[in-house]
Amino acid sequence: MRIGLLTEGGYPYVSGDAGLWCDRLVRGLAQHEFELYALSRTEHQDKEGRFALPPQVTRVRTAPLWTAEDDGVVYGRRARRRFADCYGELVSALCEGPGAEAARDTPAPQADRFANALYGLADLARDERGLVGALRSERAVRSLERACRAPGALRTAREARVADLLTVTAHLERALRPLSLDWYEDDALGAVDLCHAASGGPAALPGLLARHFCGVPLVVTEYGVRLRSHYLGGGPGEETGP
């Protein structure tokens, strides 16, 4: 079996989360072939080095979450409308408070709205060869502001000020960077038999897209509950990129 192992801020980086656990997992399943797709969390982590990988790891592809170059993609009118629709639906689902479904003209489960918007953005990123510029745009900030001011939004969302909107938009851009990666082709994650995300959050996103584009099954496991503590611990001192 060919397994696509997905990590964020972890293996194969020596300073990463659960690196020893992932290394034992890979070495203990020597009868399988592994392709490693790793998202690095900071520049320091990139420079600290990596584990010596066993021979069953046949490919390593990495991408940084701490920085992203402008992709230079300029959307036309139709693409801008698609982005506004999908991103607006995604942030609306994030900002929605209890009971908001009943207040909408076309009620739909919050999770379904979020998933449809997420995959809509993934399709747009593939069609237009990039999403970074759109996620950083004023259009994205305005969409978030409308979602925060909409009837039924959470109280904390309604109280957001300009600085809060800019901060949240920047965090969303970082979290959604995997949408713009070129990992979802037939010669990459589309060729594996199974995706195994070693944590939730951004690590699971490439697996969701591999399932969306190529029908590859996804398994998510986590060595300890690290994702929640990581985001709660994030603050002004954390490297979060531009």
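The values are calculated or read from the model by the stated rules, or taken from the named source; none is laboratory data. Just so we're clear, the structure is a prediction, and the values are computed from it rather than from any experiment. Note that we place each Cβ from the backbone using ideal geometry, even for glycine, and neighbour counts take in every protein chain shown. Side chains included, ligands, DNA and RNA excluded: accessible areas come from the protein's heavy atoms. Shrake-Rupley method; radii C 1.70, N 1.55, O 1.52, S 1.80 Å.
Mind pulling the angle between the C-alpha long axis of helix 110-128 and the longest principal axis of the chain? Nearest 10 degrees, somewhere in 0 to 90.
Long axis of 110-128 versus the principal axis of the chain: about 70 degrees.
Would you mind getting the accessible area per residue of region 1-153, heavy atoms of the protein chains only, 1.4 Å probe, in Å²?
Heavy-atom accessible area per residue stands at 51 Å².
Sum -39500 (n - 2.57) across every DSSP H segment of at least 4 residues in the chain, then divide by the residue count to get the 222 nm mean residue ellipticity, nearest 500.
That comes out to -13500 deg cm²/dmol.
Say the dipole of the chain comes from +1 at the beta carbon of Lys and Arg and -1 at that of Asp and Glu; which of 156, 76, 134 then lies farthest toward its positive end?
Of the listed residues, the answer is 156.
Report, to the nearest 10°, how far helix 138-149 tilts away from the longest principal axis of the Cα atoms in the chain, using its own Cα long axis and a range of 0 to 90°.
Taking Cα atoms only, the helix is inclined about 70 degrees.
For the chain, give the share of DSSP beta bridges that are antiparallel, in percent and rounded to the nearest 5; count only bridges with both residues there. Spell out each step's value before the answer.
On the way: 2 of 24 bridges.
Antiparallel bridges: around 10 percent, rounded to the nearest 5.
In whole Å, what are the extents of region 144-184 along the principal axes defined by its C-alpha atoms, from largest to smallest?
Result, largest extent first: 38, 21, 13 Å.
Quick one: if you stick a label point 7 Å off each Cα along the C-beta vector at residue 24 and residue 155, how many nm between them?
Here the answer is 4.5 nm between the modelled labels.
Over 5 Å intervals from 0, what percent of Cα-Cα pairs in the chain sits in each interval?
1, 6, 13, 16, 18, 17, 13, 8, 4, 2, 1, 0
For region 101-225, what is the charge dipole size about the Cα centre, in debye to the nearest 20, if Lys and Arg each add +1 at the Cβ and Asp and Glu each add -1 at the Cβ?
Details: 15 positive and 17 negative charges, 145 e Å.
Roughly 700 debye for region 101-225.
Residue 108 versus residue 56, label points 7 Å from Cα toward the beta carbon: distance in nm?
Label-label distance for residue 108 and residue 56, simple model: 4.2 nm.
Whenever you get a sec, line up 181, 165 from highest to lowest accessible area (probe 1.4 Å, protein heavy atoms). Kindly include the intermediate steps, with their values, before the conclusion.
Values: 181 45, 165 10 Å².
Largest accessible area first, the residues go 181, 165.
Sort 156, 167 from largest to smallest accessible area, using a 1.4 Å probe on the heavy atoms of the protein chains.
Accessible-area ranking of 156, 167, largest first: 156, 167.
How much length is gained on full extension from residue 182 to residue 70, taking 0.36 nm per residue of separation minus their Cα-Cα distance? Before the final figure, lay out the partial values.
On the way: separation 112, 0.36 × 112 = 40.32 nm, distance 1.52 nm.
That pair, residue 182 and residue 70, stretches by 38.8 nm at full extension.
Report the Stokes-Einstein translational diffusion coefficient (µm² s⁻¹, integer) for region 1-139, Rh taken as the Kirkwood radius over Cα pairs, at 25 °C with viscosity 0.890 mPa s.
So the translational diffusion coefficient is about 137 µm²/s.
Provide 196, 32 ordered by accessible surface of protein heavy atoms (probe 1.4 Å), highest first.
32, 196
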